[in-house]
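Visitor: Once you've had a glance at the structure underneath, I'll fire off some questions.
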Amino acid sequence: MTTLISTQDIARIVAHHGLPEVLRLMEAAITADFRRWPDFDKVPRVASHSQDGVIELMPVADATHYSFKYVNGHPRNGRFGLPTVMAFGVLAEVATGQPILVSELTLTTAMRTAATSVMAARALARPDARAMALIGNGAQSDFQALAFHHLLGIDEIRLFDVDPAASARVREHLRGLPGLRVSVCASVAEALRGADLVTTVTADKRSATIVTPEMLEPGMHLNAVGGDCPGKTELHPAVLAAADVFVEYEPQTRIEGDLQQMPADFPVTELWRVLAGQAPGRRSARQVTVFDSVGFALEDFSALRLVAALARELKLGEALDLMPRLADPRDLYGHLMLQASGAGTHLKAA
């Protein structure tokens, strides 16, 4: 039997544990899976691009579980009252191929993305980092701000968006949070001035240079998180050239990330190697580091397994007859005719 996890179920999980604890559990789950990176069968995601956005499938598997996420990125969806990003995911048994979980991943992706950003910053940012510039104040930004505050001790958030209403919304959501100062800045340069951390989360699918080299300060760490695809960038190439760059899955980031601007031999380090102790992360207080984050399927694999565990704990989810239950596994036709006969009887009765 397959279990269906709805948006209401995710909200109940957050209500029970609290958002900071769910984010903590999410970061721990993703970190644990990144540390066993070689256990996974990995491929770059499959993307279908149009003039309006992109639809992607993101598969990954280990010896026990297979997962995939369906996700879109349509920056102009607000015109239709729809989120820019919408997603659902499937977790299945490798041994049988049976889907055991179908889950919403729109809310969950927002949490797993924030948790992944914290995971990278924990490994790469200066331990004394306390101020973060948050560039792009759409749906993901609240989760980024809260994750960095609760999990990494960030006590100052400096907001900037080309839409002042977006920044005002985030400031209002964060208002009154103990130990957190929030300000709205007039420009990217103002937001970055004095920041220890920079997180860019823009959605527009075009080549942009939101952060330029003169904005960098010694010891700064940047998380380039905004929705990625070929032709979309957030960082000036000279920013990457001035930094040590870390990525999730290099073959995917070379195509989709800010890294697409650089020569094929531009050196990068996959983050899992830092987490597993196989490569250095930050080596000095003045080093500039960049996490060119494009989002990788392993993060969703971790999130789906965590959601499944938390849902079982709280007895959440709905049994879903996604696959037929057959008396004889070879008799698919006989099962269909039996079910059709019963359905016909019900229709006549109605």
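Visitor: Looking at the range 321-345, I want the residues that are under 21 Å from residue 100 (Cα atoms) and have a partner that is at pLDDT 90 or above and assigned to a helix (DSSP H, G or I) with Cβ atoms under 6 Å, at least 6 apart or on another chain. Which pairs are those?
Guide: Cβ pairs passing all conditions: 324/335; 326/335.
Visitor: Which condition from (1) buried (at least 24 other Cβ atoms within 10 Å of the Cβ); (2) without any contact (Cβ under 8 Å) to a residue 24 or more places away in the chain is the one that residue 133 breaks?
Guide: Only one criterion in (1) buried (at least 24 other Cβ atoms within 10 Å of the Cβ); (2) without any contact (Cβ under 8 Å) to a residue 24 or more places away in the chain is unmet by residue 133, namely (2).
Visitor: Also, I was wondering about something else. Tell me yes or no: at least one residue of the range 266-281 is in contact (Cβ under 8 Å) with a residue 60 or more places away in the chain, outside the structural domain of residue 69 (by TED's automatic domain parsing), surrounded by fewer than 22 Cβ atoms within 10 Å (Cβ to Cβ) and assigned to a strand (DSSP E or B).
Guide: Within the range 266-281, one or more residues are in contact (Cβ under 8 Å) with a residue 60 or more places away in the chain, outside the structural domain of residue 69 (by TED's automatic domain parsing), surrounded by fewer than 22 Cβ atoms within 10 Å (Cβ to Cβ) and assigned to a strand (DSSP E or B).
Visitor: Starting from residues that are in a loop (DSSP other than H, G, I, E, B) and free of Cβ contacts under 8 Å to residues at least 40 places away in the same chain, keep the ones in the range 249-265 and report whichever is surrounded by the most Cβ atoms within 10 Å (Cβ to Cβ).
Guide: Among residues in the range 249-265 that are in a loop (DSSP other than H, G, I, E, B) and free of Cβ contacts under 8 Å to residues at least 40 places away in the same chain, the one surrounded by the most Cβ atoms within 10 Å (Cβ to Cβ) is 257.
Visitor: May I pose another question? Only residues that are crowded, with 17+ Cβ neighbours inside 10 Å, over 30 Å from residue 163 (Cα atoms), touching a strand residue (DSSP E or B) at 6+ places or on another chain (Cβ under 6 Å) and of a type in the set (Asp, Glu): list them for the range 27-78, please.
Guide: Hits for the range 27-78: nothing passes.
Visitor: Go through the residues of the range 90-109 one by one and say whether even a single one is under 15 Å from residue 222 (Cα atoms), more than 17 Å from the chain's Cα centre (by Cα) and buried (at least 18 other Cβ atoms within 10 Å of the Cβ).
Guide: No, the range 90-109 has no match at all.
Visitor: Could I ask something else about it? Pick from 201, 211, 184: which is more than 23 Å from the chain's Cα centre (by Cα) and touching a residue at least 12 places away in the same chain (Cβ under 8 Å)? Give the derivation first.
Guide: Values: 201 fails: more than 23 Å from the chain's Cα centre (by Cα); 211 fails: more than 23 Å from the chain's Cα centre (by Cα).
None of the others qualify; the one that does is 184.
The rows are residues; the columns are (1) touching a helix residue (DSSP H, G or I) at 6+ places or on another chain (Cβ under 7 Å); (2) of a type in the set (Ser, Thr, Tyr); (3) crowded, with 21+ Cβ neighbours inside 10 Å; (4) not assigned by TED's automatic domain parsing to the domain that holds residue 235.
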position	(1), (2), (3), (4)
285	no, no, no, no
290	yes, no, yes, no
314	yes, no, no, yes
325	no, no, no, yes
339	no, no, no, yes
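Visitor: Right, something else. From the list 175, 193, 181, 169, which residue is basic (Lys, Arg), out of contact with any Leu (no Cβ under 8 Å at 6 or more places or on another chain) and over 19 Å from residue 142 (Cα atoms)?
Guide: Values: 175 fails: over 19 Å from residue 142 (Cα atoms); 181 fails: over 19 Å from residue 142 (Cα atoms); 169 fails: over 19 Å from residue 142 (Cα atoms).
Exactly one of 175, 193, 181, 169 is basic (Lys, Arg), out of contact with any Leu (no Cβ under 8 Å at 6 or more places or on another chain) and over 19 Å from residue 142 (Cα atoms), namely 193.
Visitor: Pick out, from the range 91-166, the strands (runs of 3 or more DSSP E) lying fully within it that include 2 or more residues that are in contact with a Cys (Cβ under 8 Å, 6 or more places away or on another chain).
Guide: Details: elements: 99-104, 131-135, 156-160.
Ranges flagged: 156-160.
Visitor: Which condition number does residue 343 fail, the rest of (1) modelled with pLDDT of 90 or more; (2) not assigned by TED's automatic domain parsing to the domain that holds residue 129; (3) not polar (S, T, N, Q) being met?
Guide: Among (1) modelled with pLDDT of 90 or more; (2) not assigned by TED's automatic domain parsing to the domain that holds residue 129; (3) not polar (S, T, N, Q), the lone unmet condition for residue 343 is (1).
Visitor: Taking residue 231 and the conditions (1) at pLDDT below 95; (2) farther than 30 Å from residue 37 by Cα, which numbered condition does it fall short on, given that it satisfies the others?
Guide: The single condition residue 231 does not satisfy is (2).
Visitor: Also, I was wondering about something else. So, of the residues in the range 1-41 that are in a helix (DSSP H, G or I) and among the hydroxyl-bearing types (Ser, Thr, Tyr), which turns out to be nearest to residue 295 (Cα to Cα)?
Guide: First, the residues of the range 1-41 that are in a helix (DSSP H, G or I): 7-17, 19-34, 37-39.
With among the hydroxyl-bearing types (Ser, Thr, Tyr) added as a condition, the list becomes 7, 31.
Numbers: 7: 21, 31: 14 Å.
Top of the filtered list is 31.
Visitor: Another one. What residue, of 155, 228, 204, is touching a helix residue (DSSP H, G or I) at 6+ places or on another chain (Cβ under 8 Å), of a type in the set (D, E, K, R) and farther than 26 Å from residue 284 by Cβ?
Guide: Details: 155 fails: farther than 26 Å from residue 284 by Cβ; 204 fails: touching a helix residue (DSSP H, G or I) at 6+ places or on another chain (Cβ under 8 Å).
The conditions single out 228.
Visitor: Across the range 177-207, what is the total count of residues that are in a strand (DSSP E or B) and buried (at least 16 other Cβ atoms within 10 Å of the Cβ)?
Guide: So the first thing to find is which residues in the range 177-207 are in a strand (DSSP E or B), and the list is 181-184, 197-200, 207.
Of the ones still in play, those that are also buried (at least 16 other Cβ atoms within 10 Å of the Cβ) are 182, 184, 197-200.
Qualifying residue count for the region: 6.
Visitor: What about residue 32, is it in contact (Cβ under 8 Å) with a residue 60 or more places away in the chain and either under 19 Å from the mean Cα position of the chain (by Cα) or assigned by TED's automatic domain parsing to the domain that holds residue 146 (or both)? Spell out how you get there, then give the answer.
Guide: On the way: in contact (Cβ under 8 Å) with a residue 60 or more places away in the chain: yes; either under 19 Å from the mean Cα position of the chain (by Cα) or assigned by TED's automatic domain parsing to the domain that holds residue 146 (or both): yes.
Against the criterion (in contact (Cβ under 8 Å) with a residue 60 or more places away in the chain and either under 19 Å from the mean Cα position of the chain (by Cα) or assigned by TED's automatic domain parsing to the domain that holds residue 146 (or both)), residue 32 qualifies.
The values are calculated or read from the model by the stated rules, or taken from the named source; none is laboratory data. Bear in mind that the values here come from a model prediction, so they are computed numbers and not experimental data. In this analysis, Cβ positions are derived from the backbone assuming ideal geometry, glycine residues included, and neighbour counts consider all displayed protein chains.
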